[in-house]
Amino acid sequence: MRRLVFVLNGPNLNLLGKRQPHIYGHETLADVEKSVRDLAGELKLEIRFHQSNREYEIIDWIHEARETSCGIIVNPAAFTHYSVAVLDALNAYDHPVMEVHISNVHKREEFRHHSFVSSRADGVIAGFGTQGYLLALRRVAFLVDQKAK
Ligand code: DHK
């Protein structure tokens, strides 16, 4: 299997570093991408890193990942809390899915406590800041290596 991992980011994450830094921190999404790519190099994984404010693009990337990848790391951002369509797309995906939230959504408004994506995710990380992406990537690598044994 190709050691390719899709890292998908939902709406408003293009503003990371500028948007509510007391909640999401000062790192930009480009910083996150760089850290993810550096770690992927160590773990011998390839990365497709995407962000969109449009639900259909996230869905299309999940469809693309079905054919080509060994795992998905997704921060669906606000789509987490209402998108049955993103859940349906992930339910049609056969490899590990890690759900990442930069903030601890459970410490925030009640509408952020429910995630549609969690019923499909193999793991959920929230409140670890942008480090959550790296923890998720290590987990995907572990699961892929385990399967290859
Ligand atoms: C990012 C968002 O944009 C919010 O809509 C989610 C998530 C939380 C995050 O913590 O990364 O509620």
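The values are calculated or read from the model by the stated rules, or taken from the named source; none is laboratory data. Here the structure is a predicted model, which is why all the values come from computation and not from measurement. Every residue, glycine as well, gets a Cβ built from its backbone with ideal geometry; the counts of neighbours run over all protein chains shown. SASA here: full protein model, heavy atoms, side chains in, ligands and nucleic acids out. Shrake-Rupley method; radii C 1.70, N 1.55, O 1.52, S 1.80 Å.
Can we say Val117 is farther than 19 Å from Asn12 by Cα, more than 10 Å from the ligand (Cβ to nearest atom), among the aliphatic types (A, V, I, L, M) and open to solvent by less than 50 Å² (accessible area, probe 1.4 Å)?
no
Considering His63, His95, which residue is away from the ligand (no atom under 16 Å from the Cβ) and touching a Cys at 6+ places or on another chain (Cβ under 6 Å)?
Among His63, His95, only His95 is away from the ligand (no atom under 16 Å from the Cβ) and touching a Cys at 6+ places or on another chain (Cβ under 6 Å).
When the residues of region 120-149 are filtered to those that are among the aromatic types (Phe, Trp, Tyr) and open to solvent by 40 Å² or more (accessible area, probe 1.4 Å), which remaining residue is nearest to the ligand (Cβ to nearest atom)? Explain how you work it out, then say what you get.
Within region 120-149, the first condition is being among the aromatic types (Phe, Trp, Tyr), and the residues that meet it are 128, 133, 142.
Filter again for open to solvent by 40 Å² or more (accessible area, probe 1.4 Å), leaving 128, 142.
Numbers: Phe128: 10, Phe142: 23 Å.
In this case the residue turns out to be Phe128.
Here is a check on your reading of the model: is Arg48 in a helix (DSSP H, G or I), more than 16 Å from the ligand (Cβ to nearest atom) and either at pLDDT 95 or above or at negative phi (or both)?
In short, no.
Looking at region 68-99 only, could you name the residues that are within 15 Å of Ala141 (Cβ to Cβ) and open to solvent by less than 10 Å² (accessible area, probe 1.4 Å)?
Scanning region 68-99 gives Ser69, Cys70, Gly71, Ile72, Ile73, Val97, Met98.
On the given criteria, is His22 open to solvent by 20 Å² or more (accessible area, probe 1.4 Å), in a strand (DSSP E or B), within 16 Å of the ligand (Cβ to nearest atom) and at pLDDT 95 or above?
It is false that His22 is open to solvent by 20 Å² or more (accessible area, probe 1.4 Å), in a strand (DSSP E or B), within 16 Å of the ligand (Cβ to nearest atom) and at pLDDT 95 or above.
Can you find a residue in region 83-90 that is at pLDDT 95 or above, within 10 Å of the ligand (Cβ to nearest atom), polar (S, T, N, Q) and touching a helix residue (DSSP H, G or I) at 6+ places or on another chain (Cβ under 8 Å)?
No - not one qualifying residue is present in region 83-90.
When both residues are 6+ apart or on different chains and their Cβ atoms are under 9 Å apart, which pairs have a first residue that lies in region 127-149 and is farther than 15 Å from Asp38 by Cα, and a second that is open to solvent by 20 Å² or more (accessible area, probe 1.4 Å) and of a type in the set (Ser, Thr, Tyr)?
Sorted first by the residue in region 127-149, then by its partner, the pairs are Gly129/Tyr24.
Can you tell which of Leu39, Leu43 is open to solvent by 30 Å² or more (accessible area, probe 1.4 Å), at pLDDT 95 or above, more than 16 Å from the ligand (Cβ to nearest atom) and hydrophobic (A, V, I, L, M, F, W, C)?
One residue alone meets the criteria, Leu43.
Take the conditions among the basic types (Lys, Arg), modelled with pLDDT of 95 or more and surrounded by fewer than 15 Cβ atoms within 10 Å (Cβ to Cβ) and apply them to Arg2. Does it pass?
Values: among the basic types (Lys, Arg): yes; modelled with pLDDT of 95 or more: no; surrounded by fewer than 15 Cβ atoms within 10 Å (Cβ to Cβ): yes.
In short, no.
Looking at region 62-76, which of its residues are within 13 Å of the chain's Cα centre (by Cα) and closer than 18 Å to Val36 by Cα?
Ala65, Gly71, Ile72, Ile73, Val74, Asn75, Pro76
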